[in-house]
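Data block below; observations after.
The values are calculated or read from the model by the stated rules, or taken from the named source; none is laboratory data. Values in this document were obtained by computation on a predicted structure and should not be read as measured data. No Cβ is skipped: glycine too gets one built from the backbone with ideal geometry, and neighbour counts run over all protein chains shown. What goes into the accessible areas is simple: the full protein's heavy atoms, side chains included, and nothing from ligands, DNA or RNA. Shrake-Rupley method; radii C 1.70, N 1.55, O 1.52, S 1.80 Å.
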Amino acid sequence: HLVESGGGLVQPGGSLRLSCAASGDTTCISTMGWYRQPPGGERLMVASIGSAGNTHYVDSVKDRFTISRDNAKNILYLQMRSLQPEDTAVYYCNSMFPRCRGSWGRGTQVTVSS
């Protein structure tokens, strides 16, 4: 079960922090990622975090986004800074294991516009 929150409308250069409450198979939620789907586009992973805290980012968000997690609460975060219009998308969290991605949450809308 995945519930994303924290999206909204922000001006270019602004910041937002997204949250994802995750529950279910412990293996599935051990390695998580943030994905985004821009208008008319496909859903792609932008950041991931492994069980050991190791992180990975796609080039377009590197040095602007930070993924983290609170293991005690099973909450995943995405701190987003220096937001640009091209970051506009619906953001989702989900497992990095393909077999675990049978269902998705509703996502949270991020709109970057002046």
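Excluding ligands, DNA and RNA, the accessible surface per residue across region 44-114 is 54 Å² with a 1.4 Å probe.
Across region 28-39, coupling constants 3J(HN,Hα) worked out from phi with the 6.51/-1.76/1.60 Karplus curve, θ = phi - 60°, read 4, 8, 6, 10, 10, x, 9, 10, 9, 10, x, x Hz, and Gly and Pro carry x. Gaussian network model of the chain, Cα springs within a sub-10 Å range: biggest mean-square fluctuation belongs to which of S19, S30, S60? Answer for the Gaussian network model of the chain: S60.
Can you tell me which of 43-49, 11-17, 81-87 comes out highest on packing, and rank the rest after it, using the mean Cβ neighbours within 10 Å?
Per-residue Cβ counts within 10 Å, averaged per peptide and sorted highest first, yield 43-49, 81-87, 11-17.
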